[in-house]
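Q: First, the structure itself, so that you have it in front of you.
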DNA sequence: CCCACGCATCGACAACTGTCAATATCGACG
DNA sequence: CGTCGATATTGACAGTTGTCGATGCGTGGG
């Protein structure tokens, strides 16, 4: 299976009880984001023009070794959150809008009203 | 500090590069959700009437021991995602809409346009 | 008063994670 | 071809996590 898996994960949490399979699909994306360094990496990439950034720009923003940043970027890529493109010696990452949209829709706050049937 | 921390975490990821402090605040909430069991627990609570459910209703939906479910519910509570209320012998959880809204706003997909300055 | 029941805590253990130093790979450029 | 600079991989290690069985703690009913 491709690393760009289809995003079949996107009904709001509040819509209906999530199946074990659905949860197993979504959890890895959240896991990838559930780290301060990776959150900042995503944010840095997404807030750049074109939602794209070179690894060489990201590294100096952290007090971490190059292999560590490379590892975090790999985690984000394998979770389907970042695309990876090699241009010459450099590697550019850009955010996958579908992934962001999928996560956003998860948290659409359509809570069941108090009077409704369970 | 209260377990109901203020949610000072809510600008979209794409708006500007997240500070280390911001990331350290948001990451624990995502970490709490980054587990298939906890995702399903949240979804089950949120999709019930009033976004509220008794622990005794949640337990039988899983093939896990009672201490394990209790542990997961505690993690969600300590992350500020679920409120906990004891009524007699039973414990009821309900979702905190502010927390959901905060997470939703994180993923608002306002990516920087390709032509804009970095 | 004691028991049954719902839930929480504890202690233990295997599995996973974040980090680094060392090293490999790969492309550009003399 | 040799070297240099950017990134990836490997191996190691401490710390964290998910799970369980055993046990503790309140609450309500006989």
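The values are calculated or read from the model by the stated rules, or taken from the named source; none is laboratory data. Not measured: the values here are computed from a predicted model. Please note: Cβ atoms are built from the backbone with ideal geometry, for glycine as well, and neighbour counts cover all protein chains shown.
Q: For the range B:24-40, what are the residues that are assigned to a helix (DSSP H, G or I) and either in contact with a strand residue (DSSP E or B) (Cβ under 7 Å, 6 or more places away or on another chain) or free of Cβ contacts under 8 Å to residues at least 40 places away in the same chain (or both)?
A: Listed by number, the residues that qualify are B:24, B:25, B:27, B:36, B:37, B:38, B:39, B:40.
Q: Look through A:64, A:58, A:103, A:33 and report the one residue that is modelled with pLDDT of 95 or more and closer than 28 Å to residue B:98 by Cβ.
A: A:33
Q: When you check residue B:28 against the structure, is it more than 9 Å from DNA strand C (Cβ to nearest atom) and modelled with pLDDT under 95, yes or no? Working first, answer last.
A: Values: more than 9 Å from DNA strand C (Cβ to nearest atom): yes; modelled with pLDDT under 95: no.
Spelling it out, it is not the case that residue B:28 is more than 9 Å from DNA strand C (Cβ to nearest atom) and modelled with pLDDT under 95.
Q: Just one of B:51, B:34 is at the interface with chain A (Cβ under 7 Å from one of its Cβ atoms), away from DNA strand C (no atom under 15 Å from the Cβ) and in contact with a helix residue (DSSP H, G or I) (Cβ under 8 Å, 6 or more places away or on another chain); which is it? Break it down into steps so the answer makes sense when it comes.
A: On the way: B:34 fails: away from DNA strand C (no atom under 15 Å from the Cβ).
The conditions single out B:51.
Q: A follow-up question, please. Among the residues of the range B:14-23, is there at least one that is in a helix (DSSP H, G or I) and more than 7 Å from chain A (Cβ to nearest Cβ)?
A: yes
Q: Is it fair to say residue B:19 is within 10 Å of DNA strand D (Cβ to nearest atom) and more than 23 Å from residue A:102 (Cβ to Cβ)?
A: no
Q: Across the range A:54-95, what is the number of residues that are within 13 Å of chain B (Cβ to nearest Cβ), within 11 Å of DNA strand C (Cβ to nearest atom) and not in a helix (DSSP H, G or I)?
A: Number of matching residues: 4.
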